[in-house]
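Below you'll find the structure, written out as structure tokens, and then a few comments.
The values are calculated or read from the model by the stated rules, or taken from the named source; none is laboratory data. Model, not experiment: these values are computed from the prediction. For neighbour counting, all protein chains shown are included, and Cβ atoms are generated from backbone atoms with ideal geometry for every residue, glycine included.
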Amino acid sequence: MIGRAQGPRVSITGLGVHVPDRVLTNDELATLVDTSDEWIVTRTGIRERRIAAPEEALTDIALPAARAALAQAGVEAKDVDFLVCATVTPDMMFPTASALLADELGAPAAAAYDLLAGCTGFVYALAQAYGMIVAGLVERALVVGGDVLSRILDWTDRSTLVLFGDGAGAVVLERVDRGGFLGFELGADGGGGMHLSLPGSGSRRTEDAEANGYVHMNGREVFKFATRVLVSSAQALLDECSVAVEDVDVYVPHQANVRIMDHAVQKLGIPRERMIVNVDRYGNTSSGSIPLALADAAADGRLTDGKLVLMTGMGAGLTWGSALLEWTEPKAA
Ligand code: UT7
């Protein structure tokens, strides 16, 4: 789908993020599997990532992020009427992470559900919350994106282990009087879905019991897919919104691999300094990736009122999605 925003303006009015304390370096990984800091940095740009403590689950990481987002927006949890959590690693399949979060936050009035769209989940969730607000069904939405991918990695498989990390982010969406979302482009291609899969995680039985419960990835195929859709999705959305690529102030791609991201800026013609890069510190945090990058952009002063922000995610499904946003300075900032 592709759509240009019409009707009331809706924007992010609060942003919060949280990562686990434990830093896991490439050198430490090299003591677990046959890899090296040099290989990981050259092929991915990743230097370290955060790993959840054994007792930490997704909602433990998402809760501080959600609280920070609400505080920045000056919104009380009881006034949130929509909570969507994009994740592939909820605490458990049900109760959903979003229902648990709504309870912990004290948001009994919120419709709450989890959304599965791989690493693109956060962008999908933004579009859903946006649509609910524009339709007048809800007033204040909390969109959470986060994952504890370390729980679903095979810690003996170097081809996936080195890529991922844990982290979460949250944003509040509300009506605003200026700026806001300009449009969304979202897509999926299940035909390529098995290039990135989690066997044994649903109702499909697998022959290979050993493979169950761990991420399986055909890295080269996902790489080709990622380089293609980061460009095509962003370009399609810019065209739909009649926005020239030169007008994009802040580019926030999914942080999977710096080579994929560099390819995208080059093809799109976005100056590299406009791209947010934190894959070196966090690895690929799936649905946490884009909000974590937004928080970095905010921290270094790049997200000021009126700045045009282009976000593009891609991941399991296979899925992709872009959102274009004219940044609105959060109320309490
Ligand atoms: O959110 C979306 C999630 N996934 C992605 O975005 C991942 C997309 N794919 C990629 O980022 C890249 O394909 C990888 C980083 C996964 C791999 O990089 P590559 O340049 O495509 O390497 P490759 O798969 O072609 O492998 C090159 C070599 C292989 O050895 P041989 O067959 O050439 O002898 C691999 O076995 O590197 C080997 N290799 C490793 N060596 C050291 C694979 N993983 C490792 C490792 N350390 N961790």
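Annotations for the structure displayed:
- Residues that are without any contact (Cβ under 8 Å) to a residue 60 or more places away in the chain, within 16 Å of the ligand (Cβ to nearest atom) and either surrounded by 14 or more Cβ atoms within 10 Å (Cβ to Cβ) or within 23 Å of Pro271 (Cβ to Cβ) (or both) within the stretch 202-231 comprise His216, Met217, Asn218, Glu221, Phe223, Lys224, Thr227, Arg228, Val231, listed in sequence order.
- All positions within the stretch 150-196 that are among the polar types (S, T, N, Q) and either away from the ligand (no atom under 14 Å from the Cβ) or more than 22 Å from Val279 (Cβ to Cβ) (or both): Ser150, Thr156
- Scanning the stretch 256-279 for residues that are among the hydrophobic types (A, V, I, L, M, F, W, C), under 23 Å from Leu161 (Cβ atoms) and either more than 15 Å from the chain's Cα centre (by Cα) or within 11 Å of the ligand (Cβ to nearest atom) (or both) yields Ala256, Val258, Ile260, Met261, Val279.
- All positions within the stretch 121-172 that are basic (Lys, Arg) and more than 18 Å from Gly288 (Cβ to Cβ): Arg140, Arg158
- If you go through the stretch 309-333 and keep only what is of a type in the set (Asp, Glu) and touching a residue at least 40 places away in the same chain (Cβ under 8 Å), you end up with just Glu326.
- Residues in the stretch 256-281 that are in contact with a strand residue (DSSP E or B) (Cβ under 7 Å, 6 or more places away or on another chain) and not aliphatic (A, V, I, L, M): Arg274, Arg281.
- Single condition Tyr130 does not satisfy, out of (1) within 12 Å of the ligand (Cβ to nearest atom); (2) among the hydroxyl-bearing types (Ser, Thr, Tyr); (3) within 11 Å of Phe82 (Cβ to Cβ): (1)
So that you can scan it fast, the table gives a plain yes or no per residue for (1) outside any helix (DSSP H, G or I); (2) under 20 Å from Val309 (Cβ atoms); (3) touching a helix residue (DSSP H, G or I) at 6+ places or on another chain (Cβ under 6 Å):
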{"residue": "Val222", "(1), (2), (3)": "no, no, yes"}
{"residue": "Arg228", "(1), (2), (3)": "no, no, no"}
{"residue": "Val231", "(1), (2), (3)": "no, yes, yes"}
{"residue": "Ala236", "(1), (2), (3)": "no, yes, no"}
{"residue": "Val243", "(1), (2), (3)": "yes, yes, no"}
{"residue": "Glu246", "(1), (2), (3)": "no, yes, no"}
{"residue": "Val252", "(1), (2), (3)": "yes, yes, yes"}
{"residue": "Gln255", "(1), (2), (3)": "yes, yes, yes"}
{"residue": "Ile260", "(1), (2), (3)": "no, yes, yes"}
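This table checks each residue for (1) surrounded by 24 or more Cβ atoms within 10 Å (Cβ to Cβ); (2) in contact (Cβ under 8 Å) with a residue 12 or more places away in the chain; (3) of a type in the set (D, E, K, R); (4) more than 15 Å from Gly16 (Cα to Cα).
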site: Pro253; (1), (2), (3), (4): yes, yes, no, yes
site: Ala256; (1), (2), (3), (4): yes, yes, no, yes
site: Leu268; (1), (2), (3), (4): no, yes, no, yes
site: Asn278; (1), (2), (3), (4): no, yes, no, yes
site: Ile290; (1), (2), (3), (4): yes, yes, no, no
site: Lys307; (1), (2), (3), (4): no, yes, yes, yes
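- Yes/no for Thr89 being among the polar types (S, T, N, Q) and more than 16 Å from the ligand (Cβ to nearest atom): no
- Looking across the stretch 290-333, the residues that are modelled with pLDDT of 95 or more and basic (Lys, Arg) come down to Arg302, Lys307.
- Note on the stretch 287-319: residues that are outside any loop (DSSP other than H, G, I, E, B) and either closer than 17 Å to Ala170 by Cα or away from the ligand (no atom under 16 Å from the Cβ) (or both) amount to 19.
- The single residue among Gly131, Gly187, Gly121 that is part of a strand (DSSP E or B) and within 29 Å of Asp249 (Cβ to Cβ) turns out to be Gly187.
- Checking every residue in the stretch 144-162 against the condition of being assigned to a loop (DSSP other than H, G, I, E, B), over 18 Å from Ser197 (Cβ atoms) and acidic (Asp, Glu) gives zero matches.
- Which listed residue, of Arg22, Arg43, Arg49, is closer than 22 Å to Gly219 by Cα, out of contact with any Leu (no Cβ under 9 Å at 6 or more places or on another chain) and either basic (Lys, Arg) or crowded, with 20+ Cβ neighbours inside 10 Å (or both): Arg43
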